[in-house]
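The values are calculated or read from the model by the stated rules, or taken from the named source; none is laboratory data. Computed from a predicted structure; not experimentally measured. Cβ sites come from the backbone with ideal geometry, for glycine too, and all protein chains shown count toward neighbours. SASA here: full protein model, heavy atoms, side chains in, ligands and nucleic acids out. Shrake-Rupley method; radii C 1.70, N 1.55, O 1.52, S 1.80 Å.
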Amino acid sequence: QVQLVESGGGLVQPGGSLRLSCAASGSIFSIYAMGWYRQAPGKQRELVARITSGGSTNYVDSVKGRFTISRDNAKNTVYLQMNSLKPEDTGVYYCNGPRDIIGTMSPFWSWGQGTQVTVSS
């Protein structure tokens, strides 16, 4: 079982930037695709960015061109650089291992505590 610890959230003004980090335990991290999920208030959790073990990336349309997912397998860490933030990006952000490209299936591991991102003036 992989343990996931997210960090880097906070309060930011519209147009600002944040960088989220997710540290994963275990030596098997590098063979899995990883993703960042967002749960906005009153909405279901959605997969917003995904990166394969080889570095290929996918994004939901609402964040394309603004968010960048990356990973450092040597550090067992995945990142989400978020630029040009909008109020609708507000939510709790989680990382996990998605079983499919769009995140409709349950991910591989238990959820961590997530990190809160609030975009507001």
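Among residues belonging to region 49-91 that are under 18 Å from ALA24 (Cβ atoms) and among the aliphatic types (A, V, I, L, M), point out the one that is farthest from the chain's Cα centre (by Cα).
Checking each candidate, the answer is ALA74.
Give me the pairs, please: first residue somewhere in region 40-62 and surrounded by fewer than 10 Cβ atoms within 10 Å (Cβ to Cβ), second residue anywhere and of a type outside the set (A, V, I, L, M, F, W, C), beta-carbon distance under 6 Å, and either six or more positions apart or on two chains.
Going by the 6 Å Cβ cut-off, there are no qualifying pairs.
Just to verify a result, which residue in region 6-20, among those that are hydrophobic (A, V, I, L, M, F, W, C) and open to solvent by less than 80 Å² (accessible area, probe 1.4 Å), is nearest to the chain's Cα centre (by Cα)?
LEU20
Out of region 53-64, which residues are of a type in the set (Gly, Ala, Ser) and in a helix (DSSP H, G or I)?
SER62
Could you list, in sequence order, the residues of region 67-81 that are touching a strand residue (DSSP E or B) at 6+ places or on another chain (Cβ under 7 Å) and more than 20 Å from PRO41 (Cβ to Cβ)?
THR68, ILE69, SER70, ARG71, ASN76, THR77, VAL78, TYR79, GLN81
Cβ-Cβ below 9 Å, separation at least six or inter-chain, first residue in region 70-87 and in contact (Cβ under 8 Å) with a residue 12 or more places away in the chain, second charged (D, E, K, R) and buried (at least 18 other Cβ atoms within 10 Å of the Cβ): which pairs?
THR77/ARG71; VAL78/ARG71; TYR79/ARG71; MET82/ASP89
Can you tell me which of (1) at pLDDT below 95; (2) farther than 16 Å from VAL2 by Cβ; (3) open to solvent by less than 30 Å² (accessible area, probe 1.4 Å) is the one ILE101 doesn't meet?
It fails just one condition, (3).
State the number of residues belonging to region 82-98 that are open to solvent by 60 Å² or more (accessible area, probe 1.4 Å) and either at pLDDT below 95 or touching a strand residue (DSSP E or B) at 6+ places or on another chain (Cβ under 7 Å) (or both).
2
Does ALA23 satisfy being surrounded by fewer than 22 Cβ atoms within 10 Å (Cβ to Cβ), in contact (Cβ under 8 Å) with a residue 24 or more places away in the chain, among the aliphatic types (A, V, I, L, M) and touching a strand residue (DSSP E or B) at 6+ places or on another chain (Cβ under 6 Å)?
Here the answer is yes, as ALA23 does meet what is asked.
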